[in-house]
Amino acid sequence: MNFDLTEEQTMIQDSLERFVNEHYTLDQRNAVISLRDGFSPAHWQRFAELGWLSIPFAEDNGGFGGGPVDNMVIMREIGKGLVAEPFLPTVLLFGGLLEAGGRQELQQTYLPQIIAGELQGAFAYLEKQSRYEMTDVVTQARQDGDNWVIDGEKIVVLNGGAAQKLVVLARTSGDQSDEKGLTLFLVDADASGVQRKAYRMTDGRDVANITFSNVVAEAVVGEVDQGAEVMNPVVDSARLAVCAEALGAMESLNAQTLEYLKTRKQFDVTIGSFQALQHRAVDMFSATENVRSLLYRAVCTAAAGHEDATRSLLALKVMVGRAGRLVGGESIQMHGGMGMTDELSVGFYVKRLMIINLLFGDADYHQQQFIEVANAEQSELTLADTEAA
Amino acid sequence: MNFDLTEEQTMIQDSLERFVNEHYTLDQRNAVISLRDGFSPAHWQRFAELGWLSIPFAEDNGGFGGGPVDNMVIMREIGKGLVAEPFLPTVLLFGGLLEAGGRQELQQTYLPQIIAGELQGAFAYLEKQSRYEMTDVVTQARQDGDNWVIDGEKIVVLNGGAAQKLVVLARTSGDQSDEKGLTLFLVDADASGVQRKAYRMTDGRDVANITFSNVVAEAVVGEVDQGAEVMNPVVDSARLAVCAEALGAMESLNAQTLEYLKTRKQFDVTIGSFQALQHRAVDMFSATENVRSLLYRAVCTAAAGHEDATRSLLALKVMVGRAGRLVGGESIQMHGGMGMTDELSVGFYVKRLMIINLLFGDADYHQQQFIEVANAEQSELTLADTEAA
Amino acid sequence: MDLQYTAEEHAFREEVQQFFAEQWDDEMKSMLENRRGTDGMKPGMIEWQKRLYNKGWMAPGWPVEHGGVDWSPTQHHIFNSERARVGAPERIPFGVTMVAPVIYSYGTEEQKSKFLPRILASEDWWCQGYSEPGSGSDLASLQCKAELDGEDYVINGSKIWTTYAQYADWIFCLVRTDNSGRKQEGITFMLIDMNSPGVTVRPIATIDGFHHLNEVFFEDVRVPVANRIGEEGKGWTYAKSLLVHERLSIAEVADSQGMLAKIRDLARREINGGKPLLEDARFAQRLSDVEIELMALEFTELRVLADAAKGVQPGPESSLLKLQGTEIQQTLQELLMDVSGYYSQTLQGDLSDEEFGNDYADLARKLYFRGRASTIYGGSNEVQKNITAKYVLGLAS
Amino acid sequence: MDLQYTAEEHAFREEVQQFFAEQWDDEMKSMLENRRGTDGMKPGMIEWQKRLYNKGWMAPGWPVEHGGVDWSPTQHHIFNSERARVGAPERIPFGVTMVAPVIYSYGTEEQKSKFLPRILASEDWWCQGYSEPGSGSDLASLQCKAELDGEDYVINGSKIWTTYAQYADWIFCLVRTDNSGRKQEGITFMLIDMNSPGVTVRPIATIDGFHHLNEVFFEDVRVPVANRIGEEGKGWTYAKSLLVHERLSIAEVADSQGMLAKIRDLARREINGGKPLLEDARFAQRLSDVEIELMALEFTELRVLADAAKGVQPGPESSLLKLQGTEIQQTLQELLMDVSGYYSQTLQGDLSDEEFGNDYADLARKLYFRGRASTIYGGSNEVQKNITAKYVLGLAS
C-alpha cells in the first residue's frame, strides 16, 4: 500500500506545474479567457507537444496508456492553475467516448488528431429538461436509409463553440428517462442543420447550446441503443478527473487564504491571529484533506477495479460539492471585501468549484445515489462489537 | 401587538421562581428524585395550595381558565428549575384529556381532585412498535355488555408509577395505524389485570410499562372511535408546554455556561476570553433566542386560533430538538470535564432537553410533518420581487 | 401576549396596500425589474422615490419639521412588509437614511436647508465614503487626509467599496484631520461634491457581475469649510450616532420570505428524474431548515419591534438580527442557485430566456454572489459575534 | 498509488484473523459484552490481555528486548482493523501504551525489570495521574506536590478524571517538585503504589452512568525515590515524549465502521409509520453524511500509515485524525441514540430486554454520554484546532 506517484507521474506533475507558473498568472489567464473560444490555441499546441494530450489513451491508440492516477495528476494541476484549456471536454469526454466506443475506424481517424492537438471535440448530452439525469433525453435519432438523422437540442455543451466534432447523446428507443435506448453519434459540428449559440460559464469557459434539425450523423459511437454502456464509464472517469481538478482549486484557495491571513493586518495584528479565523482555517484545511483522501480512495479503487469503486466515487463527488462550497465561501469571507472583487483570483476559483459541483450532477444528486448503494449492503456486525472496555 | 405578560401571569411566574429558588438546588432536587415516585408529594400539595394545578382548567371546571400563555409561563419556570413534579402528565395530559373529552360526570368527579392535588394521573399511549406515530396502536378494547375490556401493553407512561388513574389509548376499530378507530378510556391504575413495571428516565423522572389483560375500563373519554379528535389538541397543547419547558432549561444552561466561562481560568485567563468559545457562546445564545421567538409565535398563534398555528408549532418542536442539542452539547463541552459529572446540574438539564426532543416525536419526525404542511401552501410572489435595487 | 394590530394599524396597512397597488405599477416594474444588471436602475429608483415623496413617505423616519411622518415602529414594519410583499425596492439608503440624520442632527441651518430638501425629492444621489483600502473592519484606522487651506479643506486619499459612486452627486466622507491622538480622534465628517476637480471614480469589477462598487480617489480636492459637519475631529462620534438611525428591518425578513416563496415555486417547477425538486428529500429538508429559522427570525424582529413600540431599549436578541438575517439570506441565495442547476453557472449574455433555457438563473447567480458581501460589509459577522459576546453576553475581550 | 497488501501482509492478516477466530470466543464475549456498565469488566479485560500475552501480541509496539514484536505500521493497522471488525476491545492503555514506554525509555534497570514484565502479563493494573481539579487543558499548571524527605518523597494533593483508578494497583503521576521556574519545569514523573497509606479514591458520578472516573487523593503519601522516573524536574519532558508513542489508530476508524454498520442494521429494523427508519429521508441523509466523512477519514489514516511505513514524518493531515475521529464518533453515537427513540432516555434498570422493549438502547445511551468526553479529554478539540492552526497552518498565536 502506498500513495506515491511513479517517477513518470512526478515528471508530468512537475511539467504542468512549471507551465502554470509561467503562463497562468491572473492577468495571463484573463487574456486567455478573452480569446474567441475562451482558451489559447497556442497553449493547446504546447500541451500536444509535451505529450499531455496523449496520456489517457491506450498505447494501441497512440497514447501513453495512462490510468486514473495519471488523469488525477494532470487535472489537479489544471485545478491549481485554473487552466482554461479544454482537456476535460476534448480529451477526456470526446476522446474518451471515441476510445470507449470501440470502433477502430473512428479511433484511428480521430484519436491521433486529438493527441496532436488538431481536433477539438465536445460531448453534447444535457437538455433543457434533463437537469442531472443524463439519461433523460428527448433528442431523437431516426434511421433514414444508411443514415441516422438527429433532431433535438442540447445545452451547456462544454467547449461547444470551439468543437469541430461532437459526440451527441440521442434517443433511438425507449421512454424519455430510460437508460436503454440511448445511442451516441459522432456529428460534425458544422454539418447542415447544426446551429450553435455559444456563451460563457462564470469561470470564463466556453459552452454552447446546440440545436439539431435533420442532422445526418457521421457515425454511431459504440452500438445502437447501448450508448449508456459506453458513456457511463467515461463519465465516471470524468467525474474522477473533475474531482482532482477541484482538489487543486481547493489547495490553491487554501494557500491564498492562509497567505492573506498571515499578511493582512487589522486592529494592528494579522487577522490570522484571531482564534475564530484560525479555527475556520482549520476547517478549510480539514475539508480539503477530506477531498484528497476520498480522491485517493476513488482513484485507487478505480485503478484496481475494486468493488468499493462506485461507492467511493459517489462519496468523493458529494464531498467535492460540500467541501468546495465551504472552502469557497470561507475564502471569500476571510478575504473580506477583496474576496468580492475580480482583482484577485479567489472568485474565479470559487466559481470553478461551483461549476465542478454541478458537472454530472451536484452533491445532493450524488448523495441520493450514494444512499442507495450504501444502504443496499448488508453488514455483519453486532452492537456488542461497539462496546469498548 | 405585544409580548408582555399580564399582571396575573407575572405573579404566577414570580411565585414559581421563588419556589424554585427555595426548593430546587441540585441537592434538593436529588433528594426529590430519590423519593419513591421521583417527585415530592409535599411539593405537589404546595402546587395545589398556590393554585398552579388549576391554571389550565376552565373556570366552569373550577379552574383559572388559563390558556397557552399561562401554560408557557408555568412550564418555562419548571424547565428553568428542572422541577420534577408531574405537571405535564397529571395536569396537562391526564387532566387535559378528561376536560377535552367533554363528559361532565368525569370532569366533575376528577378535575377538582386534580386541582386539589389529590389525584395523580397518566396518559398511556406509546407502544413498543409505535415509535413516534401516536396512532400506531395495537392495544385493543372490545365491548363486553356494558363494559369495555382492554388488552395490550403501553410503554414509557409518564408518571405511570404514581398514577392512580390512567387514560388509555386503545383501538376500537380500523387498522393498526389508522387515525380513526381510536378510543380513549379511563382506567383505574389498580384495576384487576393492570400490571405496572416502573422505572426511571435519564433525568430521574418516573415512567412505567403497563400491561392490560382483560381490564374493564371505568369510562370512555370522549366518543368511541373518535379518540384522536380529543387527543390531538391536548397533545398539541402539551407540545407547546414542553417546548416552553425546554426554553427554561436552555436559559438555565446558557446562564450556567456563561458563568463558568467568566470564572474558570486556564492559561491564566478566563476561558470566556477565547474568541472561539465566545463565538460558540453566541451560537448558544442565538439558538436559545430562536426557541424563544418560535415559542412566542406558536403560543400567540395558538391563543388566537391563527391559521399559522400548526406550522408554527411544528417549527417550534423542530427547533427545540435541534437547538436543545446544540445548547446541551456546547454546555457540556464548555464545562470541560466538570460537564461530564453529576456534580453539576448541567448533565441533568441536557438529559431533560433530550427527553423533550423525544416527547410526542423528535425533531426529524416533526420536520417531516412541517415539510408536508409548508409545501402544501401556494405562494404568490414572482422572482422579480426578490430583486433589490 | 397578543399579535393583533390596533384598528389604526389596520387602517394604515390598508392605506399602504392601496399605495402600492396604485404606484407600484407596470411602468415602475418594467423600470426596475431589469434582470441583467444595475445599469438602468438609476432613473427607475429616482422615479420610485419621487412617488414615495409625492405621497409624503420618502423619509418617514425623519423629524416632522424636515419632512418626516412620525410613524410608530409598527407602522414602519407594516410599510416594509407590504413593500417586500409586492417586491418593491427599498429606498437607496445613502442619502435619506445615512447622511440625512447626520445633517439634521449636527449640521448648520445652511446645510439643512441646502441638502435635506434635495435628498427628500431625490434630486441628489449620495454615496458613502468610509472604508479605505487598508482599513477593513478596523474602520477608525482610515488615512484619507484633509488639510485646511484658507476657506477650504484639501482632500487627498481614496475610499473603497463605494456603492453606486458612479451615479453619485455627493459623497459623505470620514477624513483624517489629525494624526496625533487616538485613531478615533482626528476624524472629520465631510460632504464632498462629486463634481469637484480631482475626484475620480474607478469601478471595481466584482464576482457578481453587477457594477455597484467603486474606488473613489481624491487628489487635491478642495472642499469648502462650510461642507464640514459639526466640529473638526468629531466625525467619528457623528458617524457612530448615525448607527442608531439604522432601520429596524435590518434582518430583511420580509424580503427573505418573498425569496423563500419564490424558491418553493421554482422547485415545484424544476423536474429531476421525473420528480419535482421540491419533493427531493434533501432539498425539502434544506428548504425547511431555513424556513424554520426564518420563522424564528420574523418573531425576533417582532420582539424588537414591540420593545421599540413601547419606547424601551430592545433586548439582547436585537444583536442577532443582522447575524441571522444575513445567514438566512445567504442560505436562500444558495438554495436558489441549487434550483437553477447548470444555469446558475452560465452567463446568459445576449441569449434570450428561450434560447438560454431559463428565466431566473441569471439573476439568481448575481444575487448569490452579491450576497456574499452581506456577511462582510457593515461589520463582518465575525465582528458582530465579538460584539455580541462582549456587550450582550458580558464575556471579557 | 496502490492499495494492495504485500504477500507477507496478507499472510499476517490471516494469522490475525485466525487468532481472533480462536481466542475471541464465546467465553470472552460473555465476559466483556456486559451491557450494564463497567463493573464486571476487569476480570474479562485481564483474561483477554493474557490471551494476547500468550500469543506474544500484548505489546507489539514495545522494543523486542522487552517483549515487543517489531510490527510494521501496516501490521499494527491490520491487527487493529481485525480487532474492531470482530468487536474485541482495545487493550487498557494506561500500562502497556502509556507508562511502559516511559519506563523503558527513561527508567532504571531495576524499574524496567520490576514493572515491565508485570505490565506485559497484565499482573498490574495502572492508571494515569496527570489532570488536577484546577488544571484542565492547561496541564502544566498542576500543583500536586512532592517533597523529598530522606529516601522518600512525600506526596500531597489530588488528581482528577482518573480512569479506572478503582481497579488500579499503580498510578503514574506528574507531581510538582519545584515552584520557582517556568511551570513546565519543576514537574517530576513518579510511580506510586495505590496501596500506599494515604491514597484514597473517590468515585466521580458521571452523566453516562458508568463508573470509570475518579478523583485520587494523596495525603502524606510516602513514595521511595526509587520510584521516580529519571531526573527530578524533567517529568514534563518524559510525559511529552510519551505522546510520540500514541497509537496510530487514534481516529478509531475501524471501531466507527463497526458502529455505523450496526446503526444501519438497527435502522432497518426500527419501523416508524410502517416504514423502516433507514428509508426516512432525513435519517438516511444524516447517516450518509457521516459515512462519507468516515470513508475520507479511513484514507487519511491510511495516508498517515503509508508515511509511517516508509519511515517518513506523517504529513499535516495527521493532525486531523483525532479531531475528525472524535467528531465522527459523536455523530454516530447521536445517530444510535436517535435510532433508539424513547428508549434512549429511559433507564432499563432491572427490567429484562423483553419487559423493557429494547435490547440496545441502554448501551447506546451510555456510549453517547461517555462519548461526550472524547472531545474534552486528551486535549480538547478547541486546543487541537489551536495547535493545528499554529503548527500546521503556521498562523501566529
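The values are calculated or read from the model by the stated rules, or taken from the named source; none is laboratory data. Because the structure is predicted, anything quoted here is derived from the model rather than measured. Reconstructed Cβ throughout: ideal geometry from the backbone, glycine too, with neighbour counts over all protein chains shown.
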Which of (1) over 30 Å from C:L3 (Cβ atoms); (2) more than 7 Å from every other protein chain (Cβ to nearest Cβ) is the odd one out, the single condition C:I263 does not satisfy?
-> (1)
So C:H10 fits all but one of (1) more than 10 Å from every other protein chain (Cβ to nearest Cβ); (2) closer than 30 Å to B:G66 by Cβ; (3) touching a helix residue (DSSP H, G or I) at 6+ places or on another chain (Cβ under 6 Å); what number is the exception?
-> (3)
Do you know which residues across region B:306-333 are within 14 Å of chain D (Cβ to nearest Cβ), closer than 30 Å to B:N375 by Cβ and either among the polar types (S, T, N, Q) or not in a helix (DSSP H, G or I) (or both)?
-> none
Yes/no for C:V221 being buried (at least 18 other Cβ atoms within 10 Å of the Cβ), more than 22 Å from the chain's Cα centre (by Cα) and either assigned to a strand (DSSP E or B) or outside the structural domain of C:R372 (by TED's automatic domain parsing) (or both) | yes
Note on region A:1-48: residues in a loop (DSSP other than H, G, I, E, B) and of a type in the set (V, I, T) are A:T6, A:T25
Count of region A:222-246 residues which are without any contact (Cβ under 8 Å) to a residue 60 or more places away in the chain and crowded, with 24+ Cβ neighbours inside 10 Å = 1
Report yes if some residue within region B:85-100 is under 28 Å from B:R36 (Cβ atoms), not small (G, A, S) and not in a helix (DSSP H, G or I); otherwise report no.
-> yes
Kindly indicate which of D:F172, D:F115 is crowded, with 19+ Cβ neighbours inside 10 Å, hydrophobic (A, V, I, L, M, F, W, C) and out of contact with any strand residue (DSSP E or B) (no Cβ under 6 Å at 6 or more places or on another chain).
-> D:F115
Within region D:48-91, can you find the residues that are buried (at least 16 other Cβ atoms within 10 Å of the Cβ), charged (D, E, K, R) and either away from every other protein chain (no Cβ under 11 Å) or not in a loop (DSSP other than H, G, I, E, B) (or both)?
-> D:R51, D:E82, D:R83, D:R85
Check B:G336 against each of (1) facing chain C (nearest Cβ under 8 Å); (2) at pLDDT below 95 and name the one condition it does not meet.
-> (1)
Only residues in region B:341-367 that are part of a loop (DSSP other than H, G, I, E, B) count as the first member; pair them with residues that are among the aromatic types (F, W, Y), Cβ under 7 angstrom, at least 6 apart or cross-chain, and list the lot.
-> B:G361/B:Y132; B:D362/B:Y132
For region C:85-94, indicate whether the set of residues that are modelled with pLDDT of 90 or more and within 17 Å of C:A11 (Cα to Cα) is non-empty.
-> no
Subset of region D:295-328 (residues that are of a type in the set (S, T, N, Q), facing chain A (nearest Cβ under 10 Å) and under 30 Å from B:G324 (Cβ atoms)) = D:Q324
Region D:108-200: strands (runs of 3 or more DSSP E) wholly inside it with 3 or more residues that are in contact (Cβ under 8 Å) with a residue 24 or more places away in the chain, over 30 Å from D:M41 (Cβ atoms) and assigned by TED's automatic domain parsing to the domain that holds D:M41 are none
Sole residue being small (G, A, S) and within 14 Å of chain D (Cβ to nearest Cβ), chosen from C:S288, C:S256 = C:S288
Filter region C:179-221 down to the residues that are among the polar types (S, T, N, Q) and within 14 Å of another protein chain (Cβ to nearest Cβ), then identify the one that is farthest from C:D152 (Cα to Cα).
-> C:T206
Scan A:F274, A:F212 and give me the residue that is modelled with pLDDT of 95 or more and among the aromatic types (F, W, Y).
-> A:F212
Determine, yes or no, whether B:S213 is surrounded by fewer than 24 Cβ atoms within 10 Å (Cβ to Cβ), in contact (Cβ under 8 Å) with a residue 24 or more places away in the chain, of a type outside the set (A, V, I, L, M, F, W, C) and not in a helix (DSSP H, G or I).
-> yes
Within the set of pairs 6 or more residues apart or between chains, which connect a residue that is touching a residue at least 12 places away in the same chain (Cβ under 8 Å) inside region C:307-336 to a residue that is of a type in the set (S, T, Y) and not in a helix (DSSP H, G or I) with Cβ atoms less than 7 Å apart?
-> C:A309/C:S72
Considering only helices (runs of 4 or more DSSP H) fully contained in region D:347-397, which possess at least 1 residues that are within 11 Å of chain A (Cβ to nearest Cβ) and either of a type outside the set (A, V, I, L, M) or closer than 22 Å to B:L158 by Cα (or both)?
-> D:361-371, D:381-387
